[in-house]
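Worksheet: the structure to be examined is printed underneath.
The values are calculated or read from the model by the stated rules, or taken from the named source; none is laboratory data. As the structure is a computational prediction, the values presented were derived from the model and not from experiment. Positions of Cβ are backbone-derived with ideal geometry, glycine not excepted, and every protein chain shown enters the neighbour counts. In case anyone asks, the SASA skips ligands and DNA or RNA and just uses the protein heavy atoms, side chains included. Shrake-Rupley method; radii C 1.70, N 1.55, O 1.52, S 1.80 Å.
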Amino acid sequence: MSLLIYNTGMLVQTREAGTAFVAGKDMAELPVIPNGWLLIEDGIIAGYGPPENMPSYGSHIQRMDAGGGFVFPSFCDSHTHLVYAGSREQEYTDKIRGLSYEEIARRGGGILNSAKLLHDTPEEELFNQSMERVREIISYGTGAVEIKSGYGLTTEDELKMLRVIRRIKTESPLTVKSTFLGAHAIPAEYQSNRKGYIDLVVNEMIPVIAGEHLADYIDVFCDRGFFSIEETGRILEAGARYGLRPKIHANELDFSGGIQTGVKHGALSVDHLEFTGDEEIASLLGSGTMPTLLPGAAFFLGMTDPPARTMIDAGLPLAMASDYNPGSSPSGNMKFVVSLGCIRLRLLPEEAINAVTVNSAYAMGLSGTHGSITTGKKANLFITRKIPSYEYVPYAYGSNIIDRVILNGDIC
Ligand code: NIG
Ligand code: FE
């Protein structure tokens, strides 16, 4: 089937094939084609260009009048925990009353609270709850999502989460990458036997999960109060033996050494990075590891923002993702992430849009197929209502400007 989109206000993020990511000064460049057209064939972008070059296609081609709306490549959300059970608004209220994220975690709240809820929720119900979030993020313009396990913390419950992620992969139109995060927290029954839990992750969980091809990547919450750099190293080495590349949580709570550990182990991305200084920046430069910021988490928890400007000015690339999870960022709204990038991290709109498309596609291993309007890439797009400029997208931070969503060439 072929579909021609015409009468657009602008095609945004149009690139030749071969751009893996953009870094430093290049992040401020966002290629666009005013009033462009775009042709989709069999779910793939087959061509695009300026209005004067629009070919005259015959009647067998379906046409879509964009009505002056802007066409964007779908957001790539490279870091989420959207498979979870229930919600944790009670802790949200505790935070308003003054308790910190770490205090809540120490009192058995936080990740352990979600692990208990997940344990008590049947797999079918967990799938149904997660699919509601999937449908929501599709309507908000996301076309590819990475989803982590990590609320199981037993072999059986981690497998349950990963099976739900696999089912989302097959039953939703999203492109999905799956990450094993057994080392998200030490479960209550191992509090006085940390090594015992890490042994379980290394000797039992990783082999079973890799054997069933249930994960694309491996993650560890490498931070103060969670997993040390030595523990992280051991888990990542075990993952590497099974071909699982790291994408890790690092430096959210302190200068924990997580960034350097991730780079050392060839991580595809290191994520959070609120605590990033000169040494961390030096280790990331030229590494191939994508620094990924999750501004929704620092915003929601009222915590420190990462030094995004310093990082870009030092020549680094940046990606941004939602961190959609019940504790630190209960939202998968990537358009709001773009606004937070501009408002809180002082990114230019061009930098923020690059961070949630081309760079976040790289951060989930999808830069060949997603993240830009490029001939040969997947036709995952959204069309806005008529808006005056692409800067309007982060500026109108509370408005839903998305009019139509197209995934795999199909109108959703
Ligand atoms: O990315 N930092 C670790 N994990 C999640 C939060 C998990 C939770 O509180 O449930 C995060 O912020
Ligand atoms: Fe996270």
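Observations
- Taken about its Cα centre, the stretch 267-313 carries a charge dipole of about 140 debye when Lys and Arg each add +1 at the Cβ and Asp and Glu each add -1 at the Cβ.
- Dipole orientation for the chain: of the candidates ILE33, ILE209, SER100, ILE33 has the Cα lying most toward the positive pole (charges on Cβ; Lys, Arg +1; Asp, Glu -1).
- All other residues whose Cβ lies under 12 angstrom from that of LYS177 are scored, Lys and Arg at +1 and Asp and Glu at -1, for a net of +1.
- Taking the Cα centre of the chain as origin and assigning +1 to Lys and Arg Cβ atoms and -1 to Asp and Glu Cβ atoms, the resulting dipole is close to 460 debye.
- Scaled against the 2.2 N^0.38 Å expected of a compact globular protein of N residues, the Cα radius of gyration of the stretch 66-131 reads 1.59.
- Taking the centroid of alpha carbons for each part, the stretch 345-412 and the stretch 22-70 are 13 Å apart.
- Taken per residue, the accessible surface of the stretch 208-289 reaches 37 Å², heavy atoms only and a 1.4 Å probe.
- Bridgeable lysines around LYS25 (alpha carbons under 28 Å apart, same-chain partners fewer than 8 residues away excluded): LYS247, LYS264, LYS335, LYS377, LYS378.
- Share of carbon and sulfur in the accessible heavy-atom surface of the chain [1.4 Å probe, %]: 50 percent
- Charge tally in the Cβ shell below 9 Å around MET27, where Lys, Arg are +1 and Asp, Glu are -1, MET27 excluded: -3
- FRET efficiency for ILE96 and ASN408, using Cβ-Cβ distance with R0 set to 41 Å, rounded to 0.05: 0.50
- Of the DSSP H helices in the chain, those whose Cα atoms cover at least 15 Å axially and whose Kyte score averages -1.0 or more: 123-139, 155-171, 229-241
- The label-point distance for GLU279 and ALA240, in a model that sets each label 7 Å from Cα toward Cβ, rounds to 2.0 nm.
- DSSP beta bridge pairing in the chain, given as percent antiparallel to the nearest 5: 40 percent
- Cross-link reach list, aspartates and glutamates versus LYS195, counting only Cα pairs under 17 Å and skipping chain neighbours closer than eight places: GLU204, ASP223, GLU230, GLU231, GLU237
- Available extension along the chain between GLU136 and GLU41 is 31.6 nm, counting 0.36 nm per residue and deducting the alpha carbon span.
- Over 40 Å [Cα-Cα, the chain], rounded percent: 14 percent
- Note on the stretch 107-220: along the principal axes its Cα atoms extend 44, 32, 22 Å, ordered by decreasing extent.
- Computed extension gain for GLU89 through ARG346, at 0.36 nm per residue and net of the alpha carbon distance, reaches 89.6 nm.
- In terms of Cα atoms, the Rg and Dmax of the stretch 176-276 work out to 12.6, 36 Å.
- Charge tally in the Cβ shell below 9 Å around PHE127, where Lys, Arg are +1 and Asp, Glu are -1, PHE127 excluded: -2
- Label zone of GLU230 (point 7 Å out along Cα→Cβ, amide N under 13 Å): in the stretch 203-220 this covers no residue at all.
- Over the stretch 223-328, the reciprocal of the mean inverse Cα-Cα separation, the Kirkwood hydrodynamic radius, stands at 13.8 Å.
- Solvent exposure of the stretch 25-144 amounts to 47 Å² per residue of accessible area, where only protein heavy atoms count and the probe is 1.4 Å.
- For the stretch 318-412, average projected area of the Cα convex hull in nm²: 6.8 nm²
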